[in-house]
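The values are calculated or read from the model by the stated rules, or taken from the named source; none is laboratory data. Worth saying up front: this structure is predicted, and the values here are computed from it rather than measured. Cβ sites come from the backbone with ideal geometry, for glycine too, and all protein chains shown count toward neighbours. All accessible areas refer to the heavy atoms of the entire protein, side chains included, with ligands and DNA or RNA removed. Shrake-Rupley method; radii C 1.70, N 1.55, O 1.52, S 1.80 Å.
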Amino acid sequence: MIKNIKIFIIMFFLIFAFCSGCVKNSGDRKIYFSETEVRIKVGETYILFPQLIGINQDEVEIAVDGAGIIDIDGFNVIGLLEGRVTLTLFYSADPSIYGVLTINVEAEPYIRFTQDRITVKLNASCPLPLEYGNLNGFDEISFIFTRDDIINLEQDFITAINIGEVKVTAYYVFDKSIYSEILVIVEEEKIISFTSDVLELSVNDKADLPLVTQGISDISDIEFTIANEQIAMLTGTIITALKPGETTLTATLIGDDKVYAAIALIVTPQPYTIFDPEYWIQNLNPKYNADTVILSPAEIALYNQNVFNGYLSTKVVNLLDFPLTVQGTEIREKINGYDQLMTKYTIYDKGIPISETEKTTIKNNRNIDMIASTVAVRYGIITEFTAVRSFPTLCYANSSKQDRFQETGLNVGEGVIVYHETADGEWFFVQTMNYYGWVEAKKIGLCSREMMVNYLAPDHFIVVIANILMIGGQQVRMGQALPYKLVTDTEYIVTMPLRDAAGKLVLNDCIVTKDETVSDGYLPYTLENVFLQAFKMLGIPYSWGDIIIEGRDCSSTQNAIYTCFGFKMPRNTSNQRAIPQYGQTVNGLSENQLISALRPGTLIFTSGHVMMYIGEDEYGNAYIYHNTSANRSQCIVQSYKTYSGQINAILKLY
């Protein structure tokens, strides 16, 4: 409606202006422009300077006879499209007082190259990548060359006549400020080749790539691809062999995939070192057979029952045979057993010591007074990797790396008995197979006892035998068993636990590739498999209490290995060494005693630490495998002679 009114007013003003001229006044009030017509460019801003006599700026309005050609912001006029409009400025109180200005919006001529450089082979021809507009044709463009002996130009087509570079400037003949430049590079024909069809290397060897080029001065102009990057890698023109196998390396000219060459790469194995499991298998004492089963599944089951029966020493419980109720006094004792940690260490929240009041709040949240005299336990499955804590808090004691509130880590898929929960409902006090403590409630899916038992003791299950494997968006660590519904030649349909909005357990089907990262059931307990599993964790970081999922502490590292065979292992070194019938106290062991008395795979203990004896090298030196916080703070292989601790216990799982 307003737009129609403005158009009507404009038509009225145009007729009136034609009859009466461009300046109107009434009495002492006048509006006029010093010029009747202006020219602006598209995108240019023109500021209106009307002469107002007896009228304030806020008392005038503007009308335009065409839409879309200009934009008006106050007294600023912006050219939008090429065209012509009439602008009328009139007195709001008396439209018969007005001034008229004609505005011509003109498009800017343009000339531009679509590339800043092009490369042309000698004697070849191609069009210049030139765009132009708002001109009367190509004839209004002229060219300047920095050299006359490199290319010939006919219209917008060039022919390369000599090797070299020339800068070409195209400009508007009527306005040299309108121009564009391009660099034309003339090169000889480019060729990539190798001096041989095959390059043979051993693992870890390095060699110069036998590459020959023509017309290519910079190696960065060539893109190198290796079909299987696990077999070899390229740095510059140096090829490094990574693992045995065969692959192909292709060198391709960037920008011209027709110029390329390929070479076959054959990588053969290097002699094994002490950092390879195969080394220890090959150097195994002849009295041991690497692929002989040490204990059968039935014998391992007897070991596990022995561990359950020795709970006072092992602290390992059978979740499948756990009592339906527990005395409240027992739960209180477990919870209060951690109290000394709160007073012994400084407690931090994000690096800042907490107050006594905050400590009291944490302790009160444990809700101990609400524990009944007899507690009917609940059941659950861990739905994501989580920590078992001494107190229901993420505040840490002592230091973030050696957090004394961190007891252990729990894998997705582990079962728990729920004893109690905090006053705020955010934490559960739970019993795992080999530990008890506080776990965040959001990482447990609650379920019936029957559902937990079926999940933990299925007819068919896989065991993760990789260090860490991603399944259903969750990182699953070595040794974890997961039930599966279906198996094909290529994959398993595994059941993964989830927690719904109500905190209940939900089971989700996930596809797991059938490969060397998983085992259908537990692995056969052989020395070969012990070494293969152990060395998958070589180099992983030491992590106190398994604070991080990527790391483990000393006892957790050894547990991960033996869990792959179905062993139910105590969590801490003090409990591992105390397994009835299998653990044994010793009073130091010399290297000779170690070699003569123990078979590889035996766990050996010093004060607060556990290691694995893995055998002798080719020189007769005994070696140990362990995850240590000393020096590099990682899982290492070490000569027994260089270890300073005194052996005080051993664990023979045979």
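Of note:
- Treating each Cα of segment 61-211 as an identical point scatterer and summing with the Debye formula, the log10 of I(q)/I(0) at q = 0.15, 0.17, 0.21 Å⁻¹ comes to -0.86, -0.96, -1.20.
- Computed over segment 518-654, Kirkwood Rh from alpha-carbon pairs, angstrom: 15.1
- Relative contact order (percent, whole number), the chain, Cα cutoff 8 Å, 6+ residue spacing: 8
- Kirkwood-based shape ratio for segment 451-585, expressed as Rg/Rh from alpha carbons: 0.98
- Solvent-accessible area per residue in segment 189-253 equals 56 Å², computed with a 1.4 angstrom probe and all protein chains kept.
- Peptides 579-591, 285-297 ordered by average Cβ neighbours within 10 Å, highest first: 579-591, 285-297
- Gyration tensor over alpha-carbon atoms, segment 600-654, equivalent ellipsoid semi-axes in Å: 16, 15, 10
- Each Cα pair of segment 209-299 feeds into the Kirkwood radius, which the Stokes-Einstein equation turns, at 4 °C and 1.567 mPa s, into a diffusion coefficient of 77 µm²/s.
- Counting only alpha carbon atoms, the long axis of helix 554-563 and the longest principal axis of the chain meet at about 80°.
- Annotation: amide H-H contacts under 5 Å for Gly539 (H modelled 1.01 Å from N, sequence separation of 5 or more, or interchain): Cys635, Ile636.
- For segment 52-136, the spread of Cα positions along the three principal axes, ordered from largest to smallest, is 75, 22, 19 Å.
- Cα-Cα separations in segment 549-593 greater than 13 Å, expressed as whole percent: 64
- Over all pairs of different C-alpha atoms in segment 332-446, the reciprocal of the mean inverse distance, the Kirkwood hydrodynamic radius, equals 14.4 Å.
- More than 13 angstrom apart: percent of Cα pairs within segment 524-572: 55
- The ellipsoid equivalent to the alpha-carbon distribution of the chain has semi-axes of 78, 45, 21 angstrom, derived from the gyration tensor eigenvalues as √(5λ) and listed largest first.
- Column: log10 I(q)/I(0), Debye, Cα scatterers of segment 254-369, q = 0.19, 0.21, 0.22 Å⁻¹: -1.13, -1.22, -1.26
- The loop-placed GluC sites (Glu not before Pro) in segment 206-297, going by DSSP, that have at most 13 neighbouring Cβ atoms within 10 Å of their Cβ come out as Glu229.
- Working note: 222 nm ellipticity from helices only, DSSP H runs with n ≥ 4, each -39,500 (n - 2.57), summed and divided by the residues of the chain, gives -4500 deg cm²/dmol to the nearest 500.
- Prolate/oblate/rounded label for segment 194-236 (Cα gyration tensor, a/c 1.5): prolate
- Here, P(r) means the percent of Cα pairs in each 5 Å bin from 0 to the largest distance; for segment 566-616 it is 4, 18, 31, 27, 15, 6, 0.
- Between the alpha-carbon centres of segment 109-129 and segment 623-654 there is a gap of 68 Å.
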